[in-house]
Amino acid sequence: MRALTVIPGRADSGAVVEMPEPPAADGPILVRTLAVGVCGTDTEILAGDYGWAPDGEERLIIGHESLGEVLEAPAGSDFRRGDLVAGVVRRPDPVPCLACGAGEWDMCRNGRYTERGIKQRHGYAAERFRIEAEFLVPVDRRLGALGVLLEPASILAKAWEHIDRIGLRARWAPRSVLVTGAGPIGLLAAMMGAQRGLEVHVLARREGAQAELARALGATYYTGRIADLPFHPDVVLECTGVPALVMEATLQLAPGGICCQAGVSAGEKRICVDAGTLERRMVLGNQVLFGTVNANLRHYHAAAAALAKADRAWLGRLVTRREPLENWRAAVARQPDDIKTIIDFTL
Ligand code: BGC
C-alpha cells in the first residue's frame, strides 16, 4: 500500500513509498483512510526537526489527524464495516505511569508514550491502517469529510477542560477569552469559546478569510498588539507558539485569569522579558500559565460533541485545500490563504 513516509531527523526525506500492509499487531480493526489533516507537527517532522521511527525501522509513516472508513471489524466489537472513524494519536507508556494507567496518556509522566505518525508508531497517512477498538473514535456521518477535524478539535477540548478544572480552584465566572492565532487550532478554540457563551476575541497577524471566520462566530478580531487591547481577558488560549505572545498574553490577563498555552514552537527561542513584572502580576493576580498537549478519549468524545453542535458550513470553510496523496509536497507547503489542508485519499 502507498504511504507518506519520512526518515525522522533527516530533512527532505519525505516520500510516498510502498509499505507492507498494516500488521495484525496494530489491532483487529482494519480501516481504509479517507483523509489526513496536515499540521505544523507534520511540517516539523518533514523538516527533520521532530519525529521518531518505530524501533528497528528507518521510515515513519506520518499523519496523525485521521479520518477513515472501517473495512473489517471483529464480530462483537462496537464498530462495523462502513463506520466513519478517527484514530487516537497517543498510546500509553509501557510502565505505565500513574496518568497512563488511568487512561490519561495525554498527561504521561515519564515521556515513554508513543504517538501514531509522530513518535515510534506508524501514522495514518497510508491507504489502510489497523487499530485497536479502544483507540478508535466513531465520527458522526453527518460530518462527512469534516471528521478529519476531530483530532485537532480534541486538543482544544482538552485545553478547555483543563481551563475549567483550574477555574474550580476558586469562585470564578469567566466572561471573555482571547485566542491568539487564527489557524485551525485558534479558530477551533474560538468556536468552543463561543459555544460556552463567552465573549470571544481573536488576535492574529492579518485580515482575510480567518478574520471572516472569527467574525462569523461573533468574535472580535484584532491584528494589533496584545498590550494595546482595550480589555483584560479572563482566559487566554495561546495558539501560535510564538514565545513573545505567550509572555504578552499572560501580562494582559485579568486578575484570576488563566493563560493556556496550546501552540508549540520548535527549538530554542530567546526573548527579553521583564520577568519581575510578570512574576508580580501573576502572584498579585492569582494568575495561571499552563501548557497542554495531546488528548485522551474523553477529549475526543467532547470534541466530537463540539463538532456535532457546530455550524457545518462554518467548519467546511476551515478546510481550504484538499490534495491527493501524490501531491503531498503541495499539501505541506503553506500558502497564504491556507487554513487547514488535507491529503484526500479518495482523490
Ligand atoms: C498532536 C498531538 C501530539 C503533539 C506532540 C500534535 O501535533 O496533535 O497529538 O501529542 O503534536 O507530538
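The values are calculated or read from the model by the stated rules, or taken from the named source; none is laboratory data. Note that this is a predicted model, so its numbers are computed, not measured. Heads up, the Cβs are rebuilt from the backbone with ideal geometry, glycines too, and the neighbour counts pull from every protein chain shown.
Observations on the structure shown:
Here's the yes/no breakdown for (1) modelled with pLDDT under 95; (2) under 17 Å from Ile62 (Cβ atoms); (3) crowded, with 24+ Cβ neighbours inside 10 Å:
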{"site": "Cys100", "(1), (2), (3)": "no, no, no"}
{"site": "Thr114", "(1), (2), (3)": "no, yes, no"}
{"site": "Ala126", "(1), (2), (3)": "no, yes, yes"}
{"site": "Phe135", "(1), (2), (3)": "no, no, no"}
{"site": "Pro152", "(1), (2), (3)": "no, yes, no"}
{"site": "Leu156", "(1), (2), (3)": "no, no, yes"}
{"site": "Glu161", "(1), (2), (3)": "no, no, no"}
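- Hits in the range 284-299 (condition: buried (at least 19 other Cβ atoms within 10 Å of the Cβ) and within 15 Å of the ligand (Cβ to nearest atom)): Thr292, Asn294, Ala295, Asn296, His299
- Flag if Leu178 is part of a strand (DSSP E or B), at pLDDT 95 or above and at negative phi: yes
- Residue among Ala306, Ala302, Ala331 that is surrounded by 14 or more Cβ atoms within 10 Å (Cβ to Cβ), in a helix (DSSP H, G or I), touching a strand residue (DSSP E or B) at 6+ places or on another chain (Cβ under 8 Å) and not hydroxyl-bearing (Ser, Thr, Tyr): Ala331
- Being surrounded by fewer than 21 Cβ atoms within 10 Å (Cβ to Cβ) and more than 27 Å from Arg334 (Cα to Cα) is a condition met by no residue of the range 4-17.
- Pair list, Cβ < 7 Å and 6+ apart or interchain, from the range 122-136 residues that are more than 12 Å from Met19 (Cα to Cα) to residues that are assigned to a loop (DSSP other than H, G, I, E, B) and of a type in the set (D, E, K, R): Ala133/Asp78
- Test set (1) within 14 Å of the ligand (Cβ to nearest atom); (2) crowded, with 17+ Cβ neighbours inside 10 Å - Ala35 fails condition number: (1)
- Only residues that are farther than 26 Å from Ala153 by Cβ and in contact (Cβ under 8 Å) with a residue 24 or more places away in the chain were counted in the range 71-86, giving 2.
- Residues that are under 23 Å from Ala15 (Cα atoms) and more than 18 Å from the chain's Cα centre (by Cα) within the range 89-120 comprise just one, Gln120.
- Residue in the range 75-89 that is within 16 Å of the ligand (Cβ to nearest atom), in the same structural domain as Val332 (by TED's automatic domain parsing) and over 13 Å from Ile29 (Cα atoms) present: yes
- Residues that are touching a Leu at 6+ places or on another chain (Cβ under 8 Å) and at positive phi, drawn from the range 71-119: Gly103, Gly117
- Just one of the listed residues (Arg80, Arg91) is surrounded by fewer than 15 Cβ atoms within 10 Å (Cβ to Cβ) and within 23 Å of Val148 (Cβ to Cβ), namely Arg80.
- Within the range 1-20, the set of residues being in contact with a Lys or Arg (Cβ under 7 Å, 6 or more places away or on another chain) and acidic (Asp, Glu) comprises Glu18 only.
- Subset of the range 120-174 [part of a helix (DSSP H, G or I), of a type in the set (D, E, K, R) and within 12 Å of the ligand (Cβ to nearest atom)]: Glu151, Lys158
- Thr320 of a type in the set (Ser, Thr, Tyr), over 16 Å from the mean Cα position of the chain (by Cα) and not assigned by TED's automatic domain parsing to the domain that holds Asp106: no
- Any chance Arg205 is farther than 30 Å from Asp26 by Cβ and away from the ligand (no atom under 16 Å from the Cβ): yes
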